[in-house]
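The values are calculated or read from the model by the stated rules, or taken from the named source; none is laboratory data. None of these values were measured; they are calculated from a predicted model. Neighbour counts are summed over all protein chains in view; Cβ atoms, including those assigned to glycine, are modelled from backbone coordinates with ideal geometry.
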Amino acid sequence: MAFSRFLSFACGYVVAAAVGFSQAGPSAAQESKATTAVIEGTVVNSVTGAPLKKTILTLRPTGSSLESNERGTVSSIETSDDGSFRFPNVAPGPYWFMAERAGFAPQYFNARNSDTRGSVIRAHSGEEIKSLIFKLIPNAIISGKVLDADGDPLRANVVVFRYAYRTDGKTIQAFANASTGAMGEYSISIPPGKFLLVASPALNNVPISAAAQATPGTASPEGPVLIYAPTFYPNSLEQYGAVELQASAGVDLHSIDFRIDKVKAYRVRGKVSAANGGLQLVARNSPASSRPPQFGGVKEDGSFEFPAVLPGTYHLMMNGPRGGSIANQPIVVTDHHLDGLAVQFSPMPELKGTVTIEGDSKKTVEGMQVGFDSFDNGTNPLGRIDKDGKFTVRGILPGRYHPWAGLGGGGRYVKSIHYQERDVTDTGIDVTEGISGTVDILISLNAAELSGVVVDDDDKPCAGVSVVLVPDSGAYLGYNSVTTDAQGHFKVGYLRPGDYKVYALEGILYLAWFDKEYMKPYSSNGIPLSVHEKDKKFLSLKVIADPQK
């Protein structure tokens, strides 16, 4: 007689895990005393249902601060010709389960897309988890040509940008790329989603006339340089003129052709003080711009030159063995060459501060991470807390930030943050005009806890769903998100006291919950929640299908 533990691994999908006695003769006693588990199943194409051979599968212990797996180790196998797999000796504990195969994006088990973690698999001593079906989502193919205004092929790098969210709002980020062939052709394999394409032509061999005499730091009388600039599909220098592409699983989008015209660019030339390495020219306020950074060297006499720069405002940064530094003034390119610039650099600014635990001097914060999420320049500099509770975070560009501290486990939350002796817990800090003062973070051990389960319309548990908590106050540190496990369960053990709306969202983009416009379609689905310190609450939530697909 065998005992089966039923596990729900997706909405409406149930598999049995056989545990206990086997009728296989002599091995029955041994199996009853087994200290490891068995995990087996099949990998299939989520669109066609066809089994997938040559898929690399990896079990990786979760190792998170809230649920660590001390005994498990990373193990990988390849699926057989019929798509089947078997992990015979899995140490007990929770694991992330990932699949990788050509033509498919790396994907976690039960993930709704390639961007989410999916659900955790928990292995128990002597257990056999059988008949798992890992549905791998096939990539789409985008192909076409990069041509000039006359229809002749161009050498270029085609970059796929996808929408993403940061703490400073919606943006785009480079995701995949490919170089063109002899006839300007390209082909890129990408997971399903909405994308923008940018073609960045190779450096142009446009002759630049000899430098005319000009007053240092002023415009040169020469005319502009004509170059092929990075261009959004089909023919726009700016994102607002781009055409969005919708790529579905397994679909081939062909004839996505670029037509690129030459545009005006200008030379930037000058000298730097205390040369300490290579230079990098980065578009200011455009961290996800289609314009890639330009790199340049510094000669022995301190001189540098960027031969063709598009109009715009730029940061000039220097990276070297003694650390990074940034020019004291931005570089502004308008409608003329810039010659004879005298550039002074300052070390990249740094923020110092402390992290303490309220009312308990024995609790340590050493080794925990502290960071500053930008509201306006796209950076997220990080640091580590030392044994005295102090930290230093380097690489702070001018702008607005919200500090945070890694909590090192459940039951904790950031109770207050002070800067320049002001409470900035909900507002963040502004160092646009420079840094003056320390950031002091207080952690409480009295966090609230929320646990629960997410089910579908048939009351069957749903794995791999994002449970999002949005604070009514809009306070940055109040936002939280976790993913349901294989049984549809979730737990948030580090809630700040306050009032929230709770959502169980299918396929939401990471950090999109900070965007009020993105969340509008879900506004009527939020479940109210109010918690105080040390509260323990439970919610049963209905999964919300993504209306924005």
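Quick rundown of the values:
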{"quantity": "Val393 vs. criteria over 19 Å from Gly169 (Cα atoms), of a type in the set (A, V, I, L, M, F, W, C), buried (at least 16 other Cβ atoms within 10 Å of the Cβ) and modelled with pLDDT under 90", "calculated": "no"}
{"quantity": "Residues that are within 13 Å of Glu358 (Cβ to Cβ) and either within 24 Å of the chain's Cα centre (by Cα) or in the same structural domain as Asn480 (by TED's automatic domain parsing) (or both), drawn from the stretch 408-440", "calculated": "Tyr413, Val414"}
{"quantity": "Residue list for the stretch 181-193, filter: in contact with a Pro (Cβ under 7 Å, 6 or more places away or on another chain) and surrounded by 15 or more Cβ atoms within 10 Å (Cβ to Cβ)", "calculated": "Gly184"}
{"quantity": "Tally, over the stretch 440-467, of residues that are over 30 Å from Arg422 (Cβ atoms) and touching a residue at least 12 places away in the same chain (Cβ under 8 Å)", "calculated": "18"}
{"quantity": "Evaluation of Val393 against (1) touching a residue at least 60 places away in the same chain (Cβ under 8 Å); (2) in a strand (DSSP E or B); (3) under 22 Å from the mean Cα position of the chain (by Cα) (one fails), failing number", "calculated": "(1)"}
{"quantity": "Residue within the stretch 341-354 that is out of contact with any strand residue (DSSP E or B) (no Cβ under 9 Å at 6 or more places or on another chain), free of Cβ contacts under 8 Å to residues at least 60 places away in the same chain and either more than 16 Å from Thr438 (Cα to Cα) or not assigned by TED's automatic domain parsing to the domain that holds Tyr476 (or both) present", "calculated": "no"}
{"quantity": "Residues satisfying the stated conditions in the stretch 329-370, i.e. in contact with a Leu (Cβ under 8 Å, 6 or more places away or on another chain) and of a type in the set (Ser, Thr, Tyr)", "calculated": "Thr356"}
{"quantity": "Selection within the stretch 352-379 - surrounded by 14 or more Cβ atoms within 10 Å (Cβ to Cβ), assigned to a loop (DSSP other than H, G, I, E, B) and at pLDDT 80 or above", "calculated": "Val365, Met368, Phe375"}
{"quantity": "Residue ID - nearest to Ala199 (Cα to Cα), chosen from residues in the stretch 136-172 that are of a type in the set (Asp, Glu) and surrounded by fewer than 17 Cβ atoms within 10 Å (Cβ to Cβ)", "calculated": "Asp148"}
{"quantity": "Residues (surrounded by 11 or more Cβ atoms within 10 Å (Cβ to Cβ) and of a type in the set (Gly, Ala, Ser)) located in the stretch 417-439", "calculated": "Gly428, Gly437"}
{"quantity": "Residue in the stretch 440-462 that is crowded, with 23+ Cβ neighbours inside 10 Å, within 21 Å of Leu509 (Cα to Cα) and modelled with pLDDT under 90 present", "calculated": "yes"}
{"quantity": "For Arg384: the one exception among (1) buried (at least 16 other Cβ atoms within 10 Å of the Cβ); (2) of a type outside the set (A, V, I, L, M, F, W, C); (3) modelled with pLDDT of 90 or more", "calculated": "(1)"}
{"quantity": "Residues within the stretch 371-409 that are under 18 Å from Arg166 (Cβ atoms) and either in contact with a Leu (Cβ under 9 Å, 6 or more places away or on another chain) or of a type outside the set (Asp, Glu) (or both), tallied", "calculated": "21"}
{"quantity": "Odd one out for Asn110, checked against (1) in a loop (DSSP other than H, G, I, E, B); (2) surrounded by fewer than 17 Cβ atoms within 10 Å (Cβ to Cβ); (3) out of contact with any Pro (no Cβ under 9 Å at 6 or more places or on another chain)", "calculated": "(2)"}
{"quantity": "Test set (1) assigned to a strand (DSSP E or B); (2) at pLDDT 90 or above - Tyr163 fails condition number", "calculated": "(2)"}
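So that you can scan it fast, the table gives a plain yes or no per residue for (1) modelled with pLDDT of 95 or more; (2) within 18 Å of Ala486 (Cβ to Cβ):
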{"position": "Leu52", "(1), (2)": "yes, no"}
{"position": "Thr58", "(1), (2)": "yes, yes"}
{"position": "Ser64", "(1), (2)": "no, yes"}
{"position": "Gly93", "(1), (2)": "no, yes"}
{"position": "Arg112", "(1), (2)": "no, yes"}
{"position": "Ala123", "(1), (2)": "no, yes"}
